[in-house]
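S.K.: Here it is: the structure, laid out below.
The values are calculated or read from the model by the stated rules, or taken from the named source; none is laboratory data. Bear in mind that the values here come from a model prediction, so they are computed numbers and not experimental data. Note that each Cβ is placed from the backbone with ideal geometry, even for glycine, and that neighbours are counted across all protein chains shown. What goes into the accessible areas is simple: the full protein's heavy atoms, side chains included, and nothing from ligands, DNA or RNA. Shrake-Rupley method; radii C 1.70, N 1.55, O 1.52, S 1.80 Å.
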Amino acid sequence: MGAENGFNKALVGDLVSENYVFAAVLHYFGISFYQYQTQSLETVCKKHRVHPNQLITELEEWALRKEPTNEELYLNPIEVLVAYLKRKHYFFVRQELPFLANIISGITPEPEYASLIADLRIMFPLFVEDFIHHIHEEESGLFNRIKLLQDVEEGNYSIVDAIKVLKKDPIHLLAEMHEVHDDEMEGIRKLTKDYSLPENAPLTMKVLYHELQNFERELTIHAQIEDELLFPKAIQLEREALRKIRNKIRTN
């Protein structure tokens, strides 16, 4: 009870300093940590009609979240891999990008960071626009292509229609067109000098740089999963679909 009371009485700024993830959890409940750094959690929770226990539960759940290993993903069928990647897309667009955008647009930077934040306010929305465009392209192009190939392989198309499907958008061309989003964050990386900050930097900047760096790391892993797991599986599926159609043509 004492520990819980201590947590409730603690200042939001102190709690976020101890664990930057807490800033994301607060955002999840509609609370921008930088607006309440000097207020107690109890006060802020009352204002937003959130029970502190809900925050603790959510924080614990975030800490326990475990991403599957590449080996685990590889051992699953391609549709499980696609579902996992779609879920990550959803998480990026619904949780991580809005959280970053909220910090960039909402904080009042100290004078020494004012011009950097002004640049980020121009650069970040452009990055988000490109990123969302990439996701739509991937889901309507590559993911739909995989679904069509599965239908062909399962014999859900006539031979004539299957040949048309197989001729269009071969996987190796989609693989060549695939962008690695690590490059898209190059401008942000340069602007932030590889996310380096002095020890005495304000908490808002530390949280922002930590979240940007974390997002870039996630994008790099995401791109690797697509390049090293999804595309090889999709190429294999395409070969299998082609083989089945050729066999059908021979037997007809």
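S.K.: Where the centroid of each part is defined by its Cα atoms, how far is the stretch 7-27 from the stretch 80-130 in Å?
M.R.: Taking the Cα centre of each part, the stretch 7-27 and the stretch 80-130 sit 20 Å apart.
S.K.: Please give the length that would be gained between His133 and Ala101 if that part of the chain were fully extended, namely 0.36 nm times their separation in residues minus their C-alpha to C-alpha distance (nm, one decimal).
M.R.: 9.8 nm
S.K.: If you stretched the chain out fully between Glu42 and Glu186, how much longer would it get, using 0.36 nm times the residue separation minus the C-alpha to C-alpha distance?
M.R.: Difference between extended and current length: 47.8 nm.
S.K.: Follow-up. List the relative contact order of the chain as a percent without decimals, with contacts defined as Cα pairs under 8 Å and 6+ residues apart.
M.R.: 22 percent
S.K.: Work through the residues other than Ser115 whose Cβ is under 15 Å from its Cβ and net out their charges, Lys, Arg +1 and Asp, Glu -1.
M.R.: Overall, the nearby charge balance is 0.
S.K.: Taking R0 as 30 Å, what's the FRET efficiency between Arg239 and Ala83 from their Cβ-Cβ distance, rounded to 0.05?
M.R.: Efficiency, from the Cβ-Cβ distance: 0.85.
S.K.: At 1.4 Å probe size, what's the solvent-accessible area of Ile163? Round to the nearest 10 Å².
M.R.: 60 Å²
S.K.: Then there is this: Label-point separation (nm) for Leu116 and Arg217, each offset 7 Å from Cα along Cα-to-Cβ?
M.R.: Here the answer is 1.9 nm between the modelled labels.
S.K.: Sum -39500 (n - 2.57) across every DSSP H segment of at least 4 residues in the chain, then divide by the residue count to get the 222 nm mean residue ellipticity, nearest 500.
M.R.: Details: 15 runs with 174 residues, N = 252.
Computed ellipticity for the chain at 222 nm equals -21000 deg cm²/dmol.
S.K.: Continuing with this model, one more query. A 23 angstrom limit on the alpha carbon distance is what I want to check against. Which of Lys9/Lys47; Lys86/Lys193; Lys147/Lys167; Lys168/Lys248; Lys88/Lys206; Lys66/Lys147 exceed it?
M.R.: Lys86/Lys193; Lys88/Lys206; Lys66/Lys147
S.K.: Taking Cα centroids, how far is the stretch 199-236 from the stretch 131-152 in Å?
M.R.: Result: 21 Å between the Cα centres.
S.K.: Then there is this: From Cα pairs below 8 angstrom and at least 6 apart in sequence, can you work out the relative contact order of the stretch 104-193, rounded to a whole percent?
M.R.: Working: 21 pairs, mean separation 35.0, N = 90.
In percent, rounded to a whole number, it is 39.
S.K.: Let me have the relative contact order for the stretch 156-252, percent, based on Cα pairs under 8 Å that are six or more residues apart.
M.R.: In percent, rounded to a whole number, it is 48.
S.K.: Which option, (i) 49, 35, 32; (ii) 77, 44, 28; (iii) 56, 44, 30, is the value of Cα extents along the principal axes in Å that was calculated from these coordinates?
M.R.: Recomputing Cα extents along the principal axes in Å here picks out (ii).
S.K.: Go through the stretch 186-200 residue by residue and turn each phi into a ³J(HN,Hα) via Karplus (6.51, -1.76, 1.60, θ = phi - 60°); whole Hz please, and just put x for glycine and proline.
M.R.: 4, x, 5, 4, 5, 4, 8, 6, 6, 6, 9, 9, x, 4, 8
S.K.: Let me ask something else. If a paramagnetic tag sat 7 Å from the Cα of Val160 along the Cα-Cβ line, which residues of the stretch 209-251 would have the backbone N under 16 Å from that point?
M.R.: Of the residues in the stretch 209-251, 249 have backbone N under 16 Å from the label point off Val160.
S.K.: Another question, then. Given the Cα-Cα distance of Gln54 and Phe7 and 0.36 nm per residue of separation, how much length would full extension add, in nm?
M.R.: Difference between extended and current length: 15.7 nm.
S.K.: Using the Cα centre of the chain as the reference point, and only Cβ charges (+1 on K/R, -1 on D/E), how large is the resulting charge dipole? Debye, rounded to the nearest 20.
M.R.: Using Cβ point charges on Lys, Arg, Asp and Glu, the chain gives about 880 debye.
S.K.: Follow-up question, since we're still on this one. So, by mean Cβ neighbours within 10 angstrom, what's the order for 71-78, 148-155 with the highest one leading?
M.R.: Listed from highest to lowest mean packing, they are 148-155, 71-78.
S.K.: What nm value, rounded to one decimal, do you get for the distance between Asn247 and Ser32 when each label is placed 7 Å out toward the C-beta?
M.R.: 6.0 nm
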